[in-house]
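**Student:** Input: one structure, supplied below.
The values are calculated or read from the model by the stated rules, or taken from the named source; none is laboratory data. Since the model is a prediction, treat every value here as computed from it, not as a measurement. Backbone-built Cβ (ideal geometry, glycine too); neighbour counts: all protein chains shown. The protein model used for the area step is the full one, side chains on, heavy atoms only, and it has no ligands, DNA or RNA in it. Shrake-Rupley method; radii C 1.70, N 1.55, O 1.52, S 1.80 Å.
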Amino acid sequence: MDIEPFALERWLADYEHEAEVNLGDSGVRPLEADRFDTDPGTLGYVVPTNGDPDLRATVADRYDREADEVLFTCGTQEANLLTVLATLDSDSHAVCVTPTYQSLHSLPQAVADVTRVGLAAPDWALDPDAVADAIEPNTDLVVLNNPNNPTGRIHPQETVEAVYDLAAAADAYLLSDEVYRPLAAPEERVPPVASMGPHGISTCGLSKGWGLPGLRFGWLAGPEEVVSAAWGWKDYTTVSPSAFGQHVARQAIGREDELLAENRDHVRRNRDRLGEFVAEYGLDWHLPKGATAFLTVPEEFESGEAFARALVEEGVVVAPGETFGRPGYVRIGFGAGRSTLEDGLARMAELIGARRES
Ligand SMILES: Cc1ncc(COP(=O)(O)O)c(C=O)c1O
């Protein structure tokens, strides 16, 4: 098994720590721990190690599934890894929709053959015919991210259902990473793939919508044979969810109406502010629905990386489009705290203005 370096994580590892203004993060400014009870009592493993059955039943309900069709994981990242390990082997083929969070094509590629289906600018729409063309006789998994990171695009219900039908007809699973779904307005949300039928697997977690990435709490939901195989792999990765994570997750899920509304309001107001900047500087984007925006690079800069490197000199970190295989773009995380966003935009404005004057 050979895994590609995670381009975005390596970029952030070089710059994020020292950054004065971090707009490279894809999440929502984290909530303070003191909003929760943080004492789980004893610090044993979570038993059963797939997660508390009552909390799993609560989560499973959203997918019209049973508690045993949900596995708690250390973040959505582990949920995606375990899904890949549970569904693919060296004889398999996967179809991965890109650009996306790199795990969603590099993990399948570490295990199996992969065909990528590209989303095209400017609206990053997914063409189900392109997925149909990419499917091979040994395709076992189709991978989607909805809403999509980096573009913020939501693939509509009819498109996701068409892709689900294609996966089902090929006797493959459709994995949809839905970690940004809780940030979409309820009327804009597409039903989770795990609720669409026996070939659907949804992954999610509390990092983005709830603003709790440090909890490292996520899950996968889907058919019992996949969830049970994923649990078998989890025995070798993290054994159980963290006791702290599950303790706080229970409260955060219980208070989700309040917490999600607060975070949605925050990202919507920040997105509106970023929209003003995009218009003022003549940039282009697809109006994003998650917490990340994929902006075209100002014409004074030759590439996403050139713009991002110039911004690093100004103390601002963004993610160059190259880390998503799209050099003409930069990804801005607009879920940051408001003053961070304002500071970052002011520094960006100064940099672009200086180049335009010279
Ligand atoms: C699409 C997507 N999936 C998964 C993750 C990882 O999430 P978690 O912190 O829940 O592991 C990220 C983080 O940026 C992401 O953007």
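**Student:** In whole Å, what are the Cα extents of the stretch 181-303 along the three principal axes, biggest one first?
**Tutor:** For the stretch 181-303, the Cα extents along the three principal axes come out at 51, 31, 28 Å.
**Student:** Now a separate question. For the chain, give the share of DSSP beta bridges that are antiparallel, in percent and rounded to the nearest 5; count only bridges with both residues there.
**Tutor:** Details: 16 of 37 bridges.
Percent antiparallel among DSSP bridges in the chain is about 45.
**Student:** Give me the angle, in degrees from 0 to 90, between the Cα long axis of helix 224-237 and the longest principal axis of the Cα atoms of the chain, rounded to the nearest 10.
**Tutor:** 70 degrees
**Student:** Here's another thing I want to ask about it. Sort the following peptides by mean Cβ neighbour count (other Cβ atoms within 10 Å, averaged over residues), highest first: 82-89, 30-37.
**Tutor:** Highest mean packing first, the order is 82-89, 30-37.
**Student:** So if I take the centroid of the Cα atoms in the stretch 141-171 and the same for the stretch 314-333, what is the distance between those two points in Å?
**Tutor:** 24 Å
**Student:** If Lys and Arg each add +1 and Asp and Glu each add -1, what is the summed charge of the other residues whose beta carbon sits under 10 Å from the beta carbon of D68? Can you show the working numbers first?
**Tutor:** Working: positive: R56, R65; negative: E66, E69, E224.
Every neighbour counted, the sum reads -1.
**Student:** Next up: Of the peptides 138-146, 126-134, 66-74, how do they stack up when ordered by the mean number of other Cβ atoms within 10 Å, highest first?
**Tutor:** Top of the packing list down: 138-146, 66-74, 126-134.
**Student:** With all protein chains present, how much of the accessible area of the stretch 39-254 (probe radius 1.4 Å) comes from carbon and sulfur, to the nearest whole percent? Intermediate results must be reported in sequence, preceding the final value.
**Tutor:** Working: 3890 of 7800 Å².
Carbon and sulfur atoms account for 50 percent of the accessible area of the stretch 39-254.
**Student:** Taking one equal scatterer on every alpha-carbon of the stretch 83-211, how large is log10 of I(q)/I(0) by Debye at q = 0.12, 0.13 1/Å?
**Tutor:** For the requested q values the scattering log ratios are -0.39, -0.46.
**Student:** Shifting gears a bit: Taking only DSSP H segments of four or more residues, each worth -39500 (n - 2.57), what value at 222 nm results for the chain once the sum is divided by all its residues, to the nearest 500 deg cm²/dmol? Working shown, then result.
**Tutor:** Numbers: 11 runs with 141 residues, N = 358.
Dividing the helical sum by the residues of the chain leaves -12500 deg cm²/dmol.
**Student:** A further question follows. Using only alpha carbon positions, build the gyration tensor of the stretch 39-254, then give the equivalent ellipsoid semi-axes as the square roots of 5 times its eigenvalues, largest first, whole angstrom. Please report the intermediate quantities before stating the final value.
**Tutor:** Values: eigenvalues 153, 71, 43 Å².
Largest first, the stretch 39-254 gives 28, 19, 15 Å.
**Student:** On to the next question. Place the peptides 286-294, 349-357, 267-275 in order of packing, highest mean first, counting for every residue the other Cβ atoms within 10 Å and averaging per peptide. Could the numbers behind the result be given before it?
**Tutor:** Working: 286-294: 24.8, 349-357: 13.2, 267-275: 18.0.
Answer by packing, highest mean first, reads 286-294, 267-275, 349-357.
**Student:** Same structure, new question: Determine the per residue accessible area of the chain with all protein chains present and a 1.4 angstrom probe, expressed in square angstrom.
**Tutor:** Details: 14740 Å² over 358 residues.
Accessible surface, normalised per residue, equals 41 Å².
**Student:** Calculate the FRET efficiency for D39 and R309 from the Cβ-Cβ distance with a Förster distance of 41 Å, rounded to the nearest 0.05.
**Tutor:** It comes to 0.35.
**Student:** Counting Lys +1, Arg +1, Asp -1, Glu -1, what net charge surrounds V21 among other residues with beta carbon under 10 Å of its beta carbon? Write out the running numbers ahead of the final one.
**Tutor:** Values: positive: R347; negative: E20, E314, E342, D343.
That works out to -3.
**Student:** Full-extension gain between E280 and E158, please, as 0.36 nm times their residue separation minus the C-alpha to C-alpha distance. Working shown, then result.
**Tutor:** On the way: separation 122, 0.36 × 122 = 43.92 nm, distance 3.46 nm.
Gain in length upon complete extension: 40.5 nm.
**Student:** Let me ask another. Quick one: net charge around H247, please, counting Lys, Arg +1 and Asp, Glu -1 for every other residue with C-beta under 14 Å from its C-beta. Don't jump to the answer; show the numbers that get you there.
**Tutor:** Working: positive: R35, R216, R250, R255; negative: D37, D39, D52, D54.
That works out to 0.
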